[in-house]
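K.L.:
Please find one structure pasted underneath; my questions will follow.
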Amino acid sequence: MSVKLPRHLTLVGISLLIVALLLAGMHILMPPPHAHAAGYSWVGPKHYYLGLGDSLAFGYQPDLDWSHGYVQDYYNNLKNHGVSSLTNYGCNGEKSTTMINGGCPYAYLLHNYYLGPQLTAAVNFLHSHAGQVSPVTLDMGANDLLPDINTSTCSVSSSWSSDLATLHNNMVNTILPQLVSALTNSSGQRTGDLIMTNYYDPYINICPNSLTYVQQLNSELASEAAQFGIPLVDSYTAFGGANMGATICTNTWICSIFSDIHPKDAGYTIIANAFINTSGY
């Protein structure tokens, strides 16, 4: 049966690993999520909610249940605050480079279809619905570093630093500037909330020696968010931080026959609640 399909998507998933793993350590170096949002003036929810990112935004699960991701869960809450339309552009396997240039490996598997790069589609959507979109959520970075992680040895390749630099360049020079600009009106005011998240660590019980690299990735995500005044949701801590190993099998598929790092319904709910707690809506 096509239960093997998840294997490829697991790339996406494993990417979470990275990020996740990356988060394991970042928790030590980065301030709590509300610290990032402390000086931020929230716009609040509006008519449209736009979800962006990789397989987490898509809501992938290896049992082919793709309707209970954190974007969908967050939207269910946002409907209580006046939001009445969800557009989810999350693409399984998306990297920061493919988000900019196109080429997401699972572009044929989307909740809301678009032509070309996800970033272009997102900017066009924001321009087409100017002043009506809030929030916009984003998770990005895991798949950029996935090829550098050896899940058998938990070692990281020598290209880690250059790949991290590429992620930084893509986020700081293209992705975040374009999204922020599309959410800013002619008076220089932000018309919607752009909210980023970091990742949990699905391999916390398998690769405990990855903390140094996890810290590097998460510190990078925190720095990028802070540079653009973007609130950062701490999904890593929401999963239990350094103690998430105790519930990682309950919240993800890592201990199942799929050996997949994506969240189960419970895990996606945790991420969605982290968004709710950070945004206050």
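K.L.:
Using +1 at the Cβ of each Lys and Arg and -1 at the Cβ of each Asp and Glu in the chain, identify which of Asn273, Val123, Ser219 lies farthest towards the dipole's positive end.
P.N.:
Of the options given, the answer is Val123.
K.L.:
Quick one: compute the contact order of the range 2-279, relative version, from alpha carbon pairs under 8 angstrom and 6+ residues apart, as a percent. Write out the running numbers ahead of the final one.
P.N.:
Values: 587 pairs, mean separation 88.7, N = 278.
Rounded, it is 32 percent for the range 2-279.
K.L.:
So for the pair Asp65, Lys79, with labels modelled 7 Å out along Cα→Cβ, what separation do we get in nm?
P.N.:
Distance between the two pseudo-spin positions: 1.8 nm.
K.L.:
Can you give the FRET efficiency to the nearest 0.05 for Gln132 and Ser256, using r as the Cβ-Cβ distance and R₀ = 41 Å? Please list the in-between numbers first.
P.N.:
Working: r = 40 Å, r/R0 = 0.98.
Calculated value: 0.55.
K.L.:
Modelled label-to-label distance, Thr247 and Thr212, 7 Å Cα→beta-carbon offset: nm?
P.N.:
3.1
K.L.:
Please give the Cα centre distance for the range 106-159 versus the range 176-192, rounded to the nearest Å.
P.N.:
Computed from Cα coordinates, the inter-centre distance equals 19 Å.
K.L.:
Sum up the lysine pairs in the chain that clear both bars: alpha-carbon distance under 27 Å and a spacing of 8 or more or different chains.
P.N.:
5
K.L.:
Put +1 on the Cβ of every Lys and Arg and -1 on every Asp and Glu Cβ in the chain; which of Ile100, Cys249, His262 then has its Cα farthest towards the positive end of the dipole?
P.N.:
Ile100
K.L.:
Measure out, as a whole number of angstrom, how far apart the alpha-carbon centroids of the range 231-246 and the range 85-100 sit.
P.N.:
Each part reduced to its Cα centre gives a spacing of 23 Å.
K.L.:
For the chain, give the magnitude of the charge dipole about the Cα centre (Cβ charges: +1 Lys/Arg, -1 Asp/Glu; no others), in debye to the nearest 20.
P.N.:
360
K.L.:
Continuing with the same structure: Quick one: what Rg and Dmax do you get for the chain from the alpha carbons, in Å?
P.N.:
17.0, 55
K.L.:
Count the DSSP beta bridges whose two residues both fall in the chain, then state the antiparallel fraction as a percent rounded to the nearest 5. Numbers along the way, then the final one.
P.N.:
Working: 4 of 18 bridges.
Taking every DSSP beta bridge with both residues in the chain, the antiparallel ones total about 20 percent.
K.L.:
Another question about this same structure. Relative to the longest principal Cα axis of the chain, at what angle does helix 160-170 sit, 0 to 90 degrees, rounded to 10?
P.N.:
10
K.L.:
Can you work out the FRET efficiency for the pair Asn112 and Ser186, with r the C-beta to C-beta distance and R0 = 35 Å, to the nearest 0.05?
P.N.:
Details: r = 28 Å, r/R0 = 0.79.
Calculated transfer efficiency: 0.80.
K.L.:
Report the FRET efficiency, 1/(1 + (r/R0)^6), for Asn277 and Ser159, where r is their Cβ-Cβ distance and R0 is 35 Å, rounded to 0.05.
P.N.:
Details: r = 36 Å, r/R0 = 1.03.
For Asn277 and Ser159, the calculated efficiency is 0.45.
Coordinate-derived values only; no laboratory data. All of these numbers come straight from a predicted model, not from anything done at the bench. Ideal geometry is used to build each Cβ from the backbone, glycine not excepted, and the neighbour counts take in all protein chains shown.
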